[in-house]
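Undergrad: One structure, pasted below without further comment.
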There are 2 protein chains.
Amino acid sequence: MASITANHPISGKPLISFRPKNPLLQTQTLFNFKPSISKHSNSSFSIPVVRCSIRRRPEYTPSHIPDPNYVRIFDTTLRDGEQSPGATMTTKEKLDVARQLAKLGVDIIEAGFPASSEADLEAVKLIAKEVGNGVYEEGYVPVICGLARCNKKDIDKAWEAVKYAKKPRIHTFIATSEIHMNYKLKMSRDQVVEKARSMVAYARSIGCEDVEFSPEDAGRSDPEFLYHILGEVIKAGATTLNIPDTVGYTVPEEFGQLIAKIKANTPGVEDVIISTHCQNDLGLSTANTLAGACAGARQLEVTINGIGERAGNASLEEVVMALKCRGEQVLGGLYTGINTQHILMSSKMVEEYSGLHVQPHKAIVGANAFAHESGIHQDGMLKHKDTYEIISPEDIGLNRANESGIVLGKLSGRHALQAKMLELGYEIEGKELDDLFWRFKSVAEKKKKITDDDLVALMSDEVFQPQFVWQLQNVQVTSGSLGLSTATVKLIDADGREHISCSVGTGPVDAAYKAVDLIVKVPVTLLEYSMNAVTQGIDAIASTRVLIRGENGHTSTHAVTGETIHRTFSGTGADMDIVISSVRAYVGALNKMMSFRKLMAKNNKPESSAVV
Amino acid sequence: MASITANHPISGKPLISFRPKNPLLQTQTLFNFKPSISKHSNSSFSIPVVRCSIRRRPEYTPSHIPDPNYVRIFDTTLRDGEQSPGATMTTKEKLDVARQLAKLGVDIIEAGFPASSEADLEAVKLIAKEVGNGVYEEGYVPVICGLARCNKKDIDKAWEAVKYAKKPRIHTFIATSEIHMNYKLKMSRDQVVEKARSMVAYARSIGCEDVEFSPEDAGRSDPEFLYHILGEVIKAGATTLNIPDTVGYTVPEEFGQLIAKIKANTPGVEDVIISTHCQNDLGLSTANTLAGACAGARQLEVTINGIGERAGNASLEEVVMALKCRGEQVLGGLYTGINTQHILMSSKMVEEYSGLHVQPHKAIVGANAFAHESGIHQDGMLKHKDTYEIISPEDIGLNRANESGIVLGKLSGRHALQAKMLELGYEIEGKELDDLFWRFKSVAEKKKKITDDDLVALMSDEVFQPQFVWQLQNVQVTSGSLGLSTATVKLIDADGREHISCSVGTGPVDAAYKAVDLIVKVPVTLLEYSMNAVTQGIDAIASTRVLIRGENGHTSTHAVTGETIHRTFSGTGADMDIVISSVRAYVGALNKMMSFRKLMAKNNKPESSAVV
């Protein structure tokens, strides 16, 4: 019975048992909500238990899960999340996120929408090859999924990308609500059914044995029509049926009933997996997703940090931690295969790459979510305060700074830095390590105490940067309320040539950005600019994020609404000087945009994207 | 039947009918989720209806609501929200928020915890006098509530503060879970019941006819004991019973069942109002709150933006908009008296004052929540795209910039500015108008296009500043990667004297803050620093927020955990130059801290705060 329960957060090696810091959390007695009178006052000591699952992940077959309590987690951060405004990621960033999702143990990774652009096709293909063929614990390997509209070209492109994975999946969709069928598709019900049926069959015919089908806008479709079309696609070979609440409109009981009715009324439903996909427009996506699971859905579509269009999707961390905390007690014994100790790192990586920050009071991963655990001095700490804590910070991979084993100072060497970064969850070597070490030394010269957060910020800045087209060498500014702001900037181009320019502006950043523009000569609009100090104290490292849009930029077609939208690009920078950090972020965003341009040049068609 | 349905978002005058921009949204036919077959394909045109309530707010009596479908909204932004890390507000800020809550039409405003400090007592008293005696539409006046632990001193202080309101309420609480009774209170069940009973009776005896009682940690208390203690406090005169899920641990069905069981088993419960108070640790607070309402709760405790300790509370905007969008269809016909067109302004004000930013994908009030409505050019706009929009942006007070009637330029006068600010929802005059006008002119000189967001940022900076102790006159910096950062700062003190200082630093902000420190000579720790550009373009106005803690700062005692915590203070600044905006924010935070010190000097006891 002593199966592997968790992996070491850093080494990734399996641990035989997971020991929460607080012995109380090891208690196995569960709090009882039933209205029986507790005769034993001691029973009140039974508190929520949060622990890694002791169950093995069941073998994967597309249309069946051997354990009826196991719930698959389908992560669509790279598809639905990446299409939020400004969240565009480079291929390298997508690969990093996919690797992280595999560490988390996500069952299915929706890696993109290959028909939308050459860049997306390449990214999905790379993820299928690299992550979809990884060697992981217990024989686990994530399914790599590609999205496709219901047409042969999309399905061919999706297959071209995902077929390299050990477990490839095609996810195809078509709208089933009257308004969409009449006005967007201009198709009758029968035509829609025929399209869905034939395209699912086509996907199977070209060799894909794992096909997911979504009736778009299911929440507002006629239920009888839903049962019919779903029954037809099952006959055609669909193995997973996903039910999206596209406009985030349902309440939990209602969405649960929809899933239950589909389970009860769809012919052949016992041979497939039912899935949920809940948008968050009313703040109910986590609750709707859980209601769907309780009603029989065994795949839950989620994103890290809940990112996505508008108010986003159900967030992986909330859904997974709710199942972990309450699954056995009140959610029908459901459980997932997620290794929750990788949640925090996944959250930070997605925050960094997508440029979508997480509010301090975000559940599970917000900065304040464990704020009573912060460095604030707590004189009168209550003995049993852990009973206020329903999740242990370590359980999501949050290790407090003062517990870290390795302390770095300005005399620390390259090896100590590498070991420290490994402790923080980053495996770096070679040039990445050299670059980080150089910057670490320059910060160590100026700053007394280098915290873990400082290192992570520097790491993000060095490693999460897109491929260099332009590189910032120097910047110098003079500004203030008494005179004109003036900036001088020196950039190095891809061939190593130096370019120097100066400009005036309304402030130091404005002046510096104008100086960059004079060198780079690509007209862009700055859409967003934000900055945070990553550590306490006025000598903290500042982390800047910008979001830009090229004026002659990439247009893409929204597969659902048919709207033309413009791709936007984010960049991040970190430095102790906010002007330098701002310029690094701006140059990073420009580099990201220019590396996309190169890919786009290969493919003359506009990109498209989809919402399901 | 043509009763008043909404107030004008700017003038506050009643509108007889509310006209959503999209005629489709006026459709009254509701989508039917029942599994009947829709024979009429036209029925699919029936879409969610979002409209202001056509019902009158029922008369207020503490323990009874004449309309069984009416749900009271109890806002605790100023009590539970304000105790989140860094969210400390000044008395003036609290008064502004309370006024805004009255515009929203919140039924009960929990204005603070008067026993915690002299400052809190004064703030609650001021709100009771000013907001609790306002003249509003339809005879509405908000109840002003003060929190008190179950002891005479706390109750006396609460009454001393709230008694000035037309409708005063005392909210008292005691823990009822075994672990809290044994370890924190060190009291038996009988002692806890006796304490609760006698203190509710005491609150009634001193003249308060509206008494709310909360059994803290109700979600983990023995249900039978809950029915007993609640029955006793009803006999003692409690008029509202609030059921807190203190650790944010329940799932919707479970929390709904708890409310239903309390309604079914508590003696005398038919004579009181049951209330919910849901924390958000698992991301389920909105769903839990709605489940509580469906199970019979008729008061919902919420905060603006969902702020609060850890992952915060149920957010007012999500709960209210869910009831508004889905109340008639799937939530038992429940409705509130909230004027939703003030939601966005309330959200921005609380974000500004609390320093707790809202993530872009936050439901309802996040920057992306209506992002398909943004200024991005939409070529292929779909005709029926409004069906993707379950809430009209105008419904929460989001008016797009290009629809504004008044366009300002650098030749615009004081009157045009005042009219524009009124249009944006701000009533300003006198010195506030003069100061804003002066800064508007200086921005208009430098910037081609002044947007509404620019004006709101300047407004926040001018008007949302705490009382001046120190005022920034000038700052000048030189910095960059090539040399040492140097800053010179000139501040004016309360007596009008000029102070000049210079300093070097690791960056321009570090240098400028050190120069300020040399003048102000109050040791503080900078805890957080963040900046956002409020408009697009590199010549945008930057808005900076800082959070500081005095090194010899104010300690306060957490009423529940008994921990000693330190008060922290936020400051904001706005300018086109990020260094100037950073210094303005820092000086603002210092001013806020120093005005608290003055109040503290009156009252030698440490402050305390509470979580329910």
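The values are calculated or read from the model by the stated rules, or taken from the named source; none is laboratory data. Source: prediction; values computed, not measured. FYI the Cβ positions are ideal-geometry reconstructions off the backbone, even for glycines, and counts take in every protein chain you see. Accessible surface areas use protein heavy atoms only, side chains included; no ligands, DNA or RNA. Shrake-Rupley method; radii C 1.70, N 1.55, O 1.52, S 1.80 Å.
Undergrad: For residues in the range A:322-366 being facing chain B (nearest Cβ under 9 Å) and among the basic types (K, R), which is nearest to A:M89 (Cα to Cα)?
TA: Selected residue: A:K362.
Undergrad: Go through (1) under 25 Å from the mean Cα position of the chain (by Cα); (2) closer than 26 Å to A:A123 by Cα and name the single condition A:D217 misses.
TA: (2)
Undergrad: Considering only the range B:487-522, how many residues are in a helix (DSSP H, G or I) and farther than 15 Å from A:V477 by Cβ?
TA: Here the count works out to 8.
Undergrad: So which of B:K420, B:K441, B:K385, B:K449 ends up being open to solvent by 70 Å² or more (accessible area, probe 1.4 Å) and either farther than 21 Å from B:V509 by Cβ or modelled with pLDDT under 80 (or both)?
TA: None of the others qualify; the one that does is B:K449.
Undergrad: Turning to a different aspect of this structure: Suppose the filter is in the same structural domain as A:E301 (by the TED database), among the small types (G, A, S), surrounded by fewer than 16 Cβ atoms within 10 Å (Cβ to Cβ) and farther than 26 Å from A:F596 by Cα; does A:S188 pass it? Can you show your working first?
TA: Values: in the same structural domain as A:E301 (by the TED database): yes; among the small types (G, A, S): yes; surrounded by fewer than 16 Cβ atoms within 10 Å (Cβ to Cβ): yes; farther than 26 Å from A:F596 by Cα: yes.
Answer is yes for this residue.
Undergrad: OK, next. On the given criteria, is B:V469 among the aliphatic types (A, V, I, L, M), at pLDDT below 85 and over 30 Å from B:T176 (Cβ atoms)?
TA: In short, yes.
Per-residue answers, yes or no, for (1) over 21 Å from the mean Cα position of the chain (by Cα); (2) open to solvent by 10 Å² or more (accessible area, probe 1.4 Å); (3) under 28 Å from B:A367 (Cα atoms):
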{"site": "A:A264", "(1), (2), (3)": "yes, yes, no"}
{"site": "A:I274", "(1), (2), (3)": "yes, no, no"}
{"site": "A:E328", "(1), (2), (3)": "yes, yes, no"}
{"site": "A:T340", "(1), (2), (3)": "no, no, no"}
{"site": "A:E351", "(1), (2), (3)": "no, yes, yes"}
{"site": "A:G355", "(1), (2), (3)": "no, yes, yes"}
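Undergrad: Going through B:L411, B:L433 one at a time, which residue ends up being farther than 26 Å from B:I338 by Cβ, at pLDDT 55 or above and outside any loop (DSSP other than H, G, I, E, B)?
TA: B:L433
Residue by residue, here is whether (1) modelled with pLDDT of 80 or more; (2) open to solvent by 10 Å² or more (accessible area, probe 1.4 Å) holds:
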| position | (1), (2) |
| --- | --- |
| B:A533 | no, yes |
| B:A574 | yes, no |
| B:D577 | yes, no |
| B:I580 | yes, yes |
| B:A589 | yes, no |
| B:S595 | no, yes |
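Undergrad: Residues A:Q100, A:Q83: which one is farther than 24 Å from A:C150 by Cα, among the polar types (S, T, N, Q) and touching a residue at least 12 places away in the same chain (Cβ under 8 Å)?
TA: A:Q100
Undergrad: Every residue in the range A:305-322 that is open to solvent by 10 Å² or more (accessible area, probe 1.4 Å) and either outside the structural domain of A:T276 (by the TED database) or modelled with pLDDT of 95 or more (or both), please.
TA: A:E318
Undergrad: For the condition outside any loop (DSSP other than H, G, I, E, B), of a type in the set (A, V, I, L, M, F, W, C) and surrounded by 24 or more Cβ atoms within 10 Å (Cβ to Cβ), what is the one hit in A:I144, A:I73?
TA: Answer to the check: A:I144.
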